[in-house]
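Undergrad: Take a look at the following structure, please.
The values are calculated or read from the model by the stated rules, or taken from the named source; none is laboratory data. Quantities reported herein were computed from a predicted structural model and do not represent experimental measurements. Neighbour counts run over all protein chains shown; Cβ positions are idealised from the backbone, glycine included.
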Amino acid sequence: MTDTDKQETILGQLRGILEESSTVEPDWDAFSTQSTIESLGLDSLTILDLLYDIEEVIGIHLEAKEVLNVTTVGEIIEMLIAKGA
Amino acid sequence: MKRLCQFAEYGFFRCVLFLCDTLPYAVTCLVARGTANLWWLVDKKRRIVGRDNIIRSGIETDPKRALAIAKKACHNMALVIVESLRSTDFLGEDRIDQHLQIQIPDDVKAVLEDPEQSLIIASGHYGNWEVAGHWVSRYKPVAGITRAMNNPYIEELVKKRKSRYRFRPIPKHDGNTGRFLEVLDNNEILALLFDQHAGDYGMMIDFFAHPAATFKTAAMLHLVTRTPLCFASCHRVGPMKFEITFSPLIQQTRSGNKNEDIKAILNSLNRDLEKTIRQDPTQYLWGHRRWRD
């Protein structure tokens, strides 16, 4: 599987996770690697839900400190691929 | 006009602080109790909320006795303020043993003494939670959520007083998504009071057998970061004398069902808090509307 394929797969998985747990209604049609964490309504509390779900669905444990400076979905995907997703 | 009012409030607060710092402790407590009595007379809403919460908890069924407990709880709140302002007087290394008894399991002590470990301490508005925070800061810096005061001058003054010990306030509403994670990443202690109405981010968990929206933060941080988590309380046993009790570390393995994992942790925390409150219901903050159904 190429990196682009992986990106697409993980993007779909992340969208599934976020659709379940998001407390706001983002524009899902515009959901992409460029989407910002802020636009998805994630705050210091809901980002924890995201980290839990990523580990359950994708099977990769992200260290909390690694996501401190993340600003876009694409950066999360890069981290996951780097960790073997 | 607003600024003038803020200055007036600030001046009054400075006077209170001065009196608190200079008067003998017993006199300060008398003044605090008198002020609490005044507050009790004026704030009818809190009186009713406190009484109804006590009845609902099942701790007391008779409305008059419930009201008496709620009044003593109001005195307790005044004492919390006085004790917190005076805590540096009696929490010095030379006198600490005269004022505090500590019940701490080995596993919690090991985490506190490990410079490479952070710890999440969950607690409620019981006894004097500020004293507990002060004591535990001898091991590592403590960070806790605080609501900013409406008056910026008083806010600044309170911050300066807090900095007498290693406490760092985290604003309740902040754009920094990583503010809790930063504390844990620095191997510090995150102290969270979980017993207030949690609103949308809460999970309905039984508190004295009635569902209450309970903050998930402590549970989620534990599950996601694997940071050790325990419950702690600070029970007043006499004037300026306290017993600080820690639960053993809560060990919740991830089952894959997030909501069940959170529920298990929050049930455990609420049970610990209920047990603590039953020790002496007059030391609990009953005036908060925890149940909102």
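Undergrad: Please specify each residue of the stretch B:57-71 satisfying the condition of being surrounded by 16 or more Cβ atoms within 10 Å (Cβ to Cβ) and basic (Lys, Arg). Show your work before the answer.
TA: Looking only at the stretch B:57-71, we keep the residues that are surrounded by 16 or more Cβ atoms within 10 Å (Cβ to Cβ), and these are B:57, B:59-60, B:66-67, B:69-71.
Residue satisfying the conditions is B:LYS71 alone.
Undergrad: Would you point out the residue of the stretch A:23-39, among those that are surrounded by 18 or more Cβ atoms within 10 Å (Cβ to Cβ) and over 23 Å from B:ILE170 (Cα atoms), that is farthest from the other protein chains (Cβ to nearest Cβ)?
TA: Step one: of the stretch A:23-39, the residues surrounded by 18 or more Cβ atoms within 10 Å (Cβ to Cβ) are A:31, A:35, A:37.
Then drop every residue that is not over 23 Å from B:ILE170 (Cα atoms), which leaves A:31, A:35.
Working: A:PHE31: 19, A:SER35: 15 Å.
Only one residue fits best here, namely A:PHE31.
Undergrad: Does A:THR46 qualify as being at pLDDT 90 or above, surrounded by 14 or more Cβ atoms within 10 Å (Cβ to Cβ) and of a type outside the set (A, V, I, L, M)?
TA: Working: at pLDDT 90 or above: no; surrounded by 14 or more Cβ atoms within 10 Å (Cβ to Cβ): yes; of a type outside the set (A, V, I, L, M): yes.
No: the conditions fail for A:THR46.
Undergrad: Checking the structure you have, find out if any residue of the stretch B:35-58 is farther than 30 Å from B:HIS210 by Cβ, in a helix (DSSP H, G or I) and acidic (Asp, Glu).
TA: No, the stretch B:35-58 has no match at all.
Undergrad: If I filter the stretch B:213-238 down to residues being buried (at least 22 other Cβ atoms within 10 Å of the Cβ) and small (Gly, Ala, Ser), which single residue comes out as farthest from B:GLU130 (Cα to Cα)?
TA: So, considering only residues that are buried (at least 22 other Cβ atoms within 10 Å of the Cβ) and small (Gly, Ala, Ser), the one farthest from B:GLU130 (Cα to Cα) is B:ALA219.
Undergrad: If I ask for residues that are surrounded by fewer than 20 Cβ atoms within 10 Å (Cβ to Cβ) and in contact with a Pro (Cβ under 8 Å, 6 or more places away or on another chain), which ones from the stretch B:239-249 would you list?
TA: Matches in the stretch B:239-249: B:PRO248, B:LEU249.
Undergrad: How many of the residues in the stretch B:139-162 are loosely packed, with under 15 Cβ neighbours inside 10 Å, free of Cβ contacts under 8 Å to residues at least 40 places away in the same chain and either in contact with a helix residue (DSSP H, G or I) (Cβ under 7 Å, 6 or more places away or on another chain) or of a type outside the set (Asp, Glu) (or both)?
TA: 4
Undergrad: Which residue pairs have Cβ atoms closer than 7 Å, lie 6 or more positions apart in sequence or on different chains, and pair a first residue in the stretch B:90-115 that is touching a residue at least 24 places away in the same chain (Cβ under 8 Å) and closer than 15 Å to B:VAL131 by Cβ with a second residue that is assigned to a helix (DSSP H, G or I) and of a type in the set (Phe, Trp, Tyr)?
TA: Listed by first residue and then by second, the contacts come to B:LEU91/B:TRP135; B:HIS99/B:PHE90; B:LEU100/B:TRP135.
Undergrad: Residue pairs, Cβ under 7 Å, 6 or more apart or interchain, first in the stretch B:43-55 and under 12 Å from B:ARG65 (Cα atoms), second part of a loop (DSSP other than H, G, I, E, B). List them.
TA: B:GLY50/B:TRP286; B:GLY50/B:GLY287; B:ILE54/B:GLU60; B:ILE54/B:TRP286; B:ILE55/B:THR61
Undergrad: Also: Please tell me if A:ILE10 is within 13 Å of chain B (Cβ to nearest Cβ), surrounded by 17 or more Cβ atoms within 10 Å (Cβ to Cβ) and of a type in the set (A, V, I, L, M).
TA: Numbers: within 13 Å of chain B (Cβ to nearest Cβ): no; surrounded by 17 or more Cβ atoms within 10 Å (Cβ to Cβ): yes; of a type in the set (A, V, I, L, M): yes.
The answer is no for A:ILE10.
Undergrad: Next question. Looking at this structure, is A:GLU20 of a type outside the set (A, V, I, L, M) and loosely packed, with under 14 Cβ neighbours inside 10 Å? Steps first, answer last, please.
TA: Values: of a type outside the set (A, V, I, L, M): yes; loosely packed, with under 14 Cβ neighbours inside 10 Å: yes.
So A:GLU20 fits the description; yes.
Undergrad: While we're on this one: Taking the criterion of being under 30 Å from A:THR71 (Cβ atoms), within 14 Å of chain A (Cβ to nearest Cβ), more than 15 Å from the chain's Cα centre (by Cα) and crowded, with 17+ Cβ neighbours inside 10 Å, would at least one residue in the stretch B:165-176 satisfy it?
TA: No, because not a single residue in the stretch B:165-176 is under 30 Å from A:THR71 (Cβ atoms), within 14 Å of chain A (Cβ to nearest Cβ), more than 15 Å from the chain's Cα centre (by Cα) and crowded, with 17+ Cβ neighbours inside 10 Å.
Undergrad: Can you tell me which residue among B:LEU119, B:LEU184, B:LEU190 is at pLDDT 85 or above, within 14 Å of chain A (Cβ to nearest Cβ) and either surrounded by fewer than 20 Cβ atoms within 10 Å (Cβ to Cβ) or in contact with a Lys or Arg (Cβ under 9 Å, 6 or more places away or on another chain) (or both)?
TA: Details: B:LEU119 fails: within 14 Å of chain A (Cβ to nearest Cβ); B:LEU190 fails: either surrounded by fewer than 20 Cβ atoms within 10 Å (Cβ to Cβ) or in contact with a Lys or Arg (Cβ under 9 Å, 6 or more places away or on another chain) (or both).
Just one listed residue meets the conditions, B:LEU184.
Undergrad: Would the stretch A:56-73 turn up any residue that is at pLDDT 90 or above, facing chain B (nearest Cβ under 9 Å) and touching a Gly at 6+ places or on another chain (Cβ under 7 Å)?
TA: Looking through the stretch A:56-73, at least one residue is at pLDDT 90 or above, facing chain B (nearest Cβ under 9 Å) and touching a Gly at 6+ places or on another chain (Cβ under 7 Å).
Undergrad: Taking the stretch A:1-19 on its own, how many of its residues are assigned to a helix (DSSP H, G or I) and either of a type in the set (A, V, I, L, M) or within 12 Å of A:LEU40 (Cα to Cα) (or both)? Don't jump to the end; show me each part of the working.
TA: Of the residues in the stretch A:1-19, the ones assigned to a helix (DSSP H, G or I) are A:3-19.
With the extra rule that they be either of a type in the set (A, V, I, L, M) or within 12 Å of A:LEU40 (Cα to Cα) (or both), the set shrinks to A:10-11, A:14-15, A:17-19.
Final tally of qualifying residues: 7.
Undergrad: May I ask you to list the residues in the stretch B:228-264 that are modelled with pLDDT of 95 or more and at the interface with chain A (Cβ under 10 Å from one of its Cβ atoms)?
TA: Correct list: B:ASP261, B:ILE262.
Undergrad: Okay, next question. Cβ contacts < 6 Å: first residue within 12 Å of B:LEU157 (Cα to Cα), restricted to the stretch B:5-28; second residue among the aromatic types (Phe, Trp, Tyr) and assigned to a helix (DSSP H, G or I), any location; separation 6+ or different chain. Result?
TA: Between residues of the stretch B:5-28 that are within 12 Å of B:LEU157 (Cα to Cα) and residues that are among the aromatic types (Phe, Trp, Tyr) and assigned to a helix (DSSP H, G or I), the close pairs are B:TYR10/B:TYR153.
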